[in-house]
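Report on one structure; see the data block that follows.
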Amino acid sequence: GIDRALPFALFLTFFCIISASTRIFKTFLCDAFVYDDGSPEDGFSQTYRSYLHDDYSLECSTGEYARSRNWAYALIALWPVGVPLLYSTMLAANRKSISEHAPNELSRSIGFLHRDYNPRFFWWEPIELLRKLSLTGVPLLIASSAELARVVLALLVTLLSLAVHVNLQPFKRSTDNKLCAFIQFSLTLIYLTVLILKVCEESGEVCEAFGAGSDSSGVFLFFTTFSTIALLTLLIMGLAQILYASSRTVPVLRLKETLMRPELSLLDKNGYHLFLSHIWRSGQDQVAVIKRQLQLCLPGVRIFLDVDDLLDISALETYIAKSAVVLIFLSRGYFCSTNCLREARSSKEGSKPLVLVHEADLSKGGIALEESRAECPDDLRSFVFDDRSVIQYDAESLLLLTRHSIFKYQADPVSYWLLAGLFLPVHIVTSNLLRFITVFAFPISPSAFFASFLPSHPFIITSSQ
């Protein structure tokens, strides 16, 4: 249907807009050639004829070319003007769902336009498209006899873009912001070199004024050497800063393909990704630690913990309904608690995905797993325990729990191709090395991340590093 075709159609326009727009602008690019050198009677006045740059069989003074030019005007309205305008309109229409991380079908379809930018700069991609068009297509509208004007336009656009990017830094990742600034600086050096070379070709006196001799070879050598040194210096500084920052950053879950933090979303902006179901007297401290660990490794995750979020004890069922996944912390007395049983039964009624964490240390409120199973009411025992693995609560399994944290990812069809998994960079203190742990997650429906493999495919975690 149209819901499935729209993301691909939009991504196709994004992929083609620059090349299509450049071809359209080339319709106005004609090359003039001497057709007649003239005669003594007319003072050897030369006559010129112009031909389309991409097709010298088409003369620019013919009716056929006039028709092609009229089509080009219409295609300008469709591609270099219409597509950025379409993107801007769609982004503006979905501003609320993007900023509140509550995606709908349309906002997921245009995810490739805003996913890499900070939420307050979700509208930046159309601006970036205009910059690219200003460098690749618009200069072709300037006559070939005014090549200096083309270079000056490109240089001014690049300088403006560099200044704006350095000040605003619109990307989510600092690495992308640095890379963008690096590219803009490189383009500035290139256009500046081309500008001076063009000036030297027009006037040798200008080259001599630069102290580079009467031709452009000295200028070319100077700017090539200077640009190479400057770019290598920036590259080394950037790599050093990235390595330094990564060594001091708290490890967080990231998408394997893009190295970015997963963008968590909820259909209900007042909902939760995870509900921590536990009994106060034997599990309160442990689930508080679980919540802190998950929030460290998965920034932006919304986790319900009664001591933090409970406003009305009579609304427990409502909180369960608004949660994507329920974690049951098995400790002494869990199934003897009326409220815990309410939460478990509400999870069963709502077919909520479950994660079981077991406290086995008797000195810390633990209970034997078989004893906990025996305490469980008959109507809940199959739902809670059957075909379901259990995570043992200890220092190591806490880290493993964060690696398999409550991640609910709503992906559009395009990112479905790109998403290969998640990984958590973990610093190994004993060897001072960086280890990458891969956790595979599949971009599926909003509330079914764990349901996709629980209970039909047991959730297995070992406590080994």
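The values are calculated or read from the model by the stated rules, or taken from the named source; none is laboratory data. Nothing here was measured: the structure is a model prediction, and the numbers come from that model. Every residue, glycine among them, receives a Cβ derived from its backbone with ideal geometry; neighbour counts consider all protein chains shown. We work out accessible area using only protein heavy atoms, side chains counted, and drop any ligands, DNA or RNA first. Shrake-Rupley method; radii C 1.70, N 1.55, O 1.52, S 1.80 Å.
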(request) Report ³J(HN,Hα) in whole Hz for each residue of the range 149-166, in order, from the Karplus equation J = 6.51 cos²θ - 1.76 cosθ + 1.60 where θ = phi - 60°; Gly and Pro get x. (result) 5, 4, 5, 4, 4, 4, 5, 5, 4, 5, 4, 5, 5, 4, 4, 5, 5, 5
(message) Using the Karplus curve 6.51 cos²θ - 1.76 cosθ + 1.60 with θ = phi - 60°, what ³J(HN,Hα) values do you get for each residue of the range 287-292, in whole Hz, with x for Gly and Pro?
(response) 5, 5, 5, 4, 4, 5
(request) Please list, in chain and number order, the residues 5+ apart from Leu29 or on another chain whose amide H is under 5 Å from its amide H, with Hs placed from the backbone. (result) His53
(request) Note down, for the range 131-172, the three equivalent ellipsoid semi-axes (square root of 5 times each alpha carbon gyration tensor eigenvalue), biggest first, whole angstrom. (result) 25, 10, 4
(message) I'd like the carbon and sulfur percentage of the solvent accessible area for the range 313-364, probe radius 1.4 Å, heavy atoms only, ligands and nucleic acids excluded.
(response) 53
(message) Cross-link candidates for Lys291: which aspartates and glutamates have Cα within less than 15 Å, leaving aside residues fewer than 8 places away along the same chain?
(response) Asp306, Asp308, Asp309, Asp394
(request) Evaluate the distance, in nm, between pseudo-label points positioned 7 Å from the Cα of Leu159 and of Thr228 along their respective Cα→Cβ axes. (result) 2.7
(request) Would you mind working out the accessible area per residue for the range 133-206, using a 1.4 Å probe, and quoting it in Å²? (result) 50
(request) Amide H neighbours of His358 under 5 Å, at least 5 residues apart or on other chains, H built in the peptide plane: list them. (result) Leu330, Ile391, Gln392, Tyr393
(request) Name the residues whose placed amide hydrogens come within less than 5 Å of the amide hydrogen of Ser323, ignoring near sequence neighbours (fewer than 5 apart) on the same chain. (result) Tyr272
(message) Need one number: nm distance between label points at Leu148 and Val307, each 7 Å from Cα along Cα→Cβ, rounded to one decimal.
(response) 7.4
(request) Using the structure shown, select from Lys172/Lys269; Lys322/Lys364; Lys178/Lys269 the pairs with a Cα to Cα distance greater than 25 angstrom. (result) Lys322/Lys364; Lys178/Lys269
(message) Among 280-290, 313-323, how do they line up by average Cβ neighbours within 10 Å per residue, starting with the highest?
(response) 280-290, 313-323
(request) Evaluate E = 1/(1 + (r/R0)^6) for Ser203 and Arg120, where r is the Cβ-Cβ distance and R0 equals 41 Å; express this FRET efficiency to the nearest 0.05. (result) 0.30
